[in-house]
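The values are calculated or read from the model by the stated rules, or taken from the named source; none is laboratory data. For clarity, every value in this text was computed on a predicted model and none was experimentally measured. Cβ sites come from the backbone with ideal geometry, for glycine too, and all protein chains shown count toward neighbours. Remember, those area values only see protein heavy atoms, side chains included, never the ligands or the DNA or RNA. Shrake-Rupley method; radii C 1.70, N 1.55, O 1.52, S 1.80 Å.
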Amino acid sequence: MMTHLSGNSHNLRNLDEEEEDDTKDADHPNAPMSKSKKKRLAQQRRAAAAKATEAKTEAAPAKATLVQTSPEPTIPITKLYPSGKYPEGQVMPHPTISDGEKRIRSEELRALERLDCDRLNDLRRAAEVHRQARKWMQSWVRPGMLMIDITNKLEAKVHELIEKNGLVAGSAFPTGCSINHIAAHWTPNSGDTTVLGMDDVVKFDFGTHINGRIIDCAWTQTFNPVYDPLLAAVKAATEEGIKQAGIDVRLCDIGAAIQEVMESHEVEIKGNVYPVKSIRNLNGHSIDQYIIHAGKSVPIVKGTDQTKMEEGEQYAIETFGSTGRGLILEDLECSHYMMSPNARSVPIRSDKARKLLTFIDKTYSTLAFCRKWLDRDGETRHILNLNALCDAGAITKYPPLVDVKGCYTAQFEHTIVLRPTCKEILSRGDDY
């Protein structure tokens, strides 16, 4: 960046010198410069100054003007960054492009990225909320706490930091807190009394969004070091997936690389040694505005999908490891739901069910929601109407996903975006 600034300063000096030289004519050294030449040089000088200012602005990283409160963050992210520019995530070159480092410095591609600055800034704001909320959460989560209290406390903090505002800013989906053999899609319904145990392996998976630009990020938390090798395996597999991802990369190649890293690990629990297996029917996924699963799946095992990642796409790179079968099924009471994109055109017979659908559409649109959120919103008698909407196809259920009981599963996940110049790991933090 300093090279660009230095180069632009040089251009300004050249223009000044050129103006001085142009005031002299070869035949009349003291003759004044013509009005048209003065105007042309003034325009060139302004253009160069604007370019230098733009380069300087682009080079300057987003800086907080206030210091966040500690240990509990209480200042909304917009107040920390009043300029409206939020911190960039970790930047890495695309792996399949031989001149990846040159792309990062390409002026043409950087200009193309500036056309996408609003989306990137929304994503970075949502990512900063995620980082600060999860860092705070990790400091106080302890065995003996009710899972419903943990999720309610986290979600309230997310809403505070993000300045919850309808469909403009808020949670992107319910807080997953799946324990042990439950790999994903479990959050407590109202009245649930599940308590976090000392020997539990819990996957915390929550999302934030600004204008439907979603950050999907997860980690696994334990309180017994015996599970550390399992967590290390899954974290390493996720990092491998991030490393392999990029423009023109085949999805099957990412899956093969993830599986190789994941299944090179084993863990000893209570005297038994278990190989760590990739859960073969769970995947990462592409993300679009207000759509958490946008159509492309990123496998975590070797496969045959030749589909390639493309410039501009956003992905959740997530991996799941298990000491069990490495295969999940739907089971247990459902808590996660999501409105279908075509829900408005689905015929609904019941007036009450139609009224509930209208409320869901207005409040959540196609973002995922859970039953306890409906209770919080005042829709306390919703289950029959919600089931009717599911039967009609207007709402889709997402039940918990479980491996064999008695096994342990772990998850790590980050959201990335494939910028023209590089890939950006938006949700990267000091924790993982």
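General observations
- Above-threshold pairs, the threshold being 26 Å between Cα atoms, out of K203/K352; K85/K372; K157/K308; K164/K362: K203/K352; K85/K372; K157/K308
- Backbone phi angles across the range 284-293, fed through the Karplus curve with coefficients 6.51, -1.76 and 1.60 (θ = phi - 60°), yield HN-Hα couplings of x, 6, 6, 10, 10, 5, 6, 10, 6, 10 Hz in residue order; Gly and Pro are listed as x.
- Centre separation in Å (Cα based) which lies between the range 376-432 and the range 260-321: 14
- Between G303, V346, A388, the Cα set farthest toward the positive side of the dipole of the range 276-402 (charges on each charged residue's Cβ, about the Cα centre) is that of A388.
- Heavy-atom accessible area for T304, with the other protein chains in place and a 1.4 Å probe, reaches approximately 120 Å².
- Accessible area (Å², 1.4 Å probe, nearest 10) - S106: 30
- Placed amide H near G326: partners under 5 Å, 5+ positions off or other chain: V404
- Over 26 Å (Cα to Cα) - which of K153/K296; K277/K405; K79/K423; K153/K243 fall in this group: K153/K296; K79/K423; K153/K243
- Per residue accessible area of the range 263-397, 1.4 Å probe, in Å²: 52
- Ratio Rg/Rh [Cα only; Rh per Kirkwood] for the range 220-289: 1.04
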